[in-house]
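Enquirer: The structure is given below, and queries will be raised subsequently.
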Amino acid sequence: MTGQSTYLRGRLFYVQLGSPDPERLARFYGEIFGMTTQRGADGWICRGPRHCLAFASGPACTLLGAGYAVADVRVLEGLAARAAPNLVGATALEAELFAPGALALRDPDGNRIAYGIAGATTSAAGAAAPPARLQHVVVGSTDVARLVAFYTDTVGLRKSDDVRDDEGGTRACFLRSDDEHHSFAVFRTPRNRLDHHCYELPDWNGIRDWGDRLAARGVTIQWGPGRHGPGNNLFIFFHDPDGNWVELSAELEVVSPARPVGIWRHEERTLNSWGRAHLRS
Ligand SMILES: [Fe+2]
């Protein structure tokens, strides 16, 4: 076990969503986030100044992959040694978005996650939309403990907060890869699936600006505004045209290295201290 001494620092660089109509989904995200939208490896790619979104044919609301940008090749060398049994060959998308040398792995639930040096994005996009930085992705799992053990011990993420039920079972776990509270999280769900992905806004005025931007496009806020307990962030959620949950967040907690892991009770006010919560199980 290498968990406590290993820390994989990185940031979420892209998510790849499956869709019955990947072009429609790409054009939705490209327009709403002011990103350049074009055909790319295995489907469609939206490029922004700091992150990318990718879309390929598949069932709606599926996570085909996610990629984290790391600082240098030494991080990748360490990960390659720790995660050797889980490594899989790189896809055309990973080769397109990352510099050579990226690693891709399958976690114990079958999620495909890649780590690499970020390739060129674009500086031309984003001018028409308020800032929104791709920040985290969350998966649902029937076996949270197994998945969290993999991401802490093998990948090298750090645990920020646990949500536990009254029997001691873990219902959610928030994991970080830099000083932001989480860049990845796992919720206990009846089946393994994508839960949501999230964009961080510069401050809470962004909730107002994005609420207005969504309203102008007829996109309804489905949940929020509210405030999460773990992470202490303000949030709103909306659905994309496929029904994916998309979160916009502000003021996510910045975590000091010495902060102990938080333990939260599995109840509505943990997930939303302002009101009703969307409990996954
Ligand atoms: Fe989230």
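Enquirer: Distances over 27 Å make up what percent of all Cα-Cα pairs in the stretch 52-193? If you can, show how the numbers build up before the last one.
Expert: Working: 2365 of 10011 pairs.
For the stretch 52-193, the fraction of Cα-Cα distances above 27 Å is 24 percent.
Enquirer: Report, in whole Å, the centroid distance computed from the Cα atoms of the stretch 102-167 and the stretch 181-260.
Expert: Each part reduced to its Cα centre gives a spacing of 14 Å.
Enquirer: Would you mind working out the accessible area per residue for the chain, using a 1.4 Å probe, and quoting it in Å²? Intermediate values should be presented prior to the final figure.
Expert: On the way: 11640 Å² over 281 residues.
So the chain comes to 41 Å² accessible per residue, rounded to a whole number.
Enquirer: Also, quick follow-up: What FRET efficiency comes out for ARG265 versus ARG74 if R0 is 35 angstrom and r is the Cβ-Cβ distance? Round to the nearest 0.05.
Expert: Working: r = 40 Å, r/R0 = 1.14.
The computed FRET efficiency comes out at 0.30.
Enquirer: Sticking with this structure for a sec: Roughly how many percent of the accessible protein surface of the stretch 115-195 is carbon and sulfur, given a 1.4 Å probe and a whole-percent answer?
Expert: Working: 1300 of 2790 Å².
Of all accessible area on the stretch 115-195, carbon and sulfur atoms account for 47 percent.
Enquirer: Quick one: ranking PHE184, PHE28 by accessible area, 1.4 Å probe, largest first, what do you get?
Expert: Working: PHE184 5, PHE28 40 Å².
The residues order as PHE28, PHE184, largest area first.
Enquirer: Run the accessible area of the stretch 42-106 with a 1.4 Å probe and give the carbon-and-sulfur part as a rounded percent. Walk me through the numbers before you get to the answer.
Expert: On the way: 1640 of 2730 Å².
Roughly 60 percent of what the probe reaches on the stretch 42-106 is carbon or sulfur.
Enquirer: For the stretch 1-60, compute Rh as the Kirkwood radius over C-alpha pairs and then the Stokes-Einstein diffusion coefficient at 20 °C and 1.002 mPa s; write the answer in µm²/s, rounded to an integer. Walk me through the numbers before you get to the answer.
Expert: Working: Rh = 12.6 Å.
The Stokes-Einstein estimate is 170 µm²/s.
Enquirer: Mind grabbing the accessible area of TRP264 for me, 1.4 Å probe, Å², rounded to tens?
Expert: Surface accessible to solvent at TRP264 totals approximately 80 Å².
Enquirer: Give the Rg (one decimal place) followed by the Dmax (whole number) of the stretch 168-238, computed from C-alpha coordinates and expressed in Å.
Expert: Final numbers for Rg and Dmax: 14.0, 45 Å.
Enquirer: For the chain, treating each Cα as an identical point scatterer without solvent, what Debye log10 I(q)/I(0) comes out at q = 0.07, 0.14 1/Å?
Expert: The Debye formula, applied to the Cα set alone, gives -0.23, -1.01.
Enquirer: Whenever you get a sec, line up SER57, SER273, SER160 from highest to lowest accessible area (probe 1.4 Å, protein heavy atoms). Walk me through the numbers on the way to the answer.
Expert: Numbers: SER57 95, SER273 70, SER160 0 Å².
Result of the area sort, largest leading: SER57, SER273, SER160.
The values are calculated or read from the model by the stated rules, or taken from the named source; none is laboratory data. Nothing here was measured: the structure is a model prediction, and the numbers come from that model. Cβ: placed from backbone, ideal geometry, glycine included. Neighbour counts: every protein chain shown. Quick note on the areas: whole protein, heavy atoms, side chains included, nothing else; ligands and nucleic acids left out. Shrake-Rupley method; radii C 1.70, N 1.55, O 1.52, S 1.80 Å.
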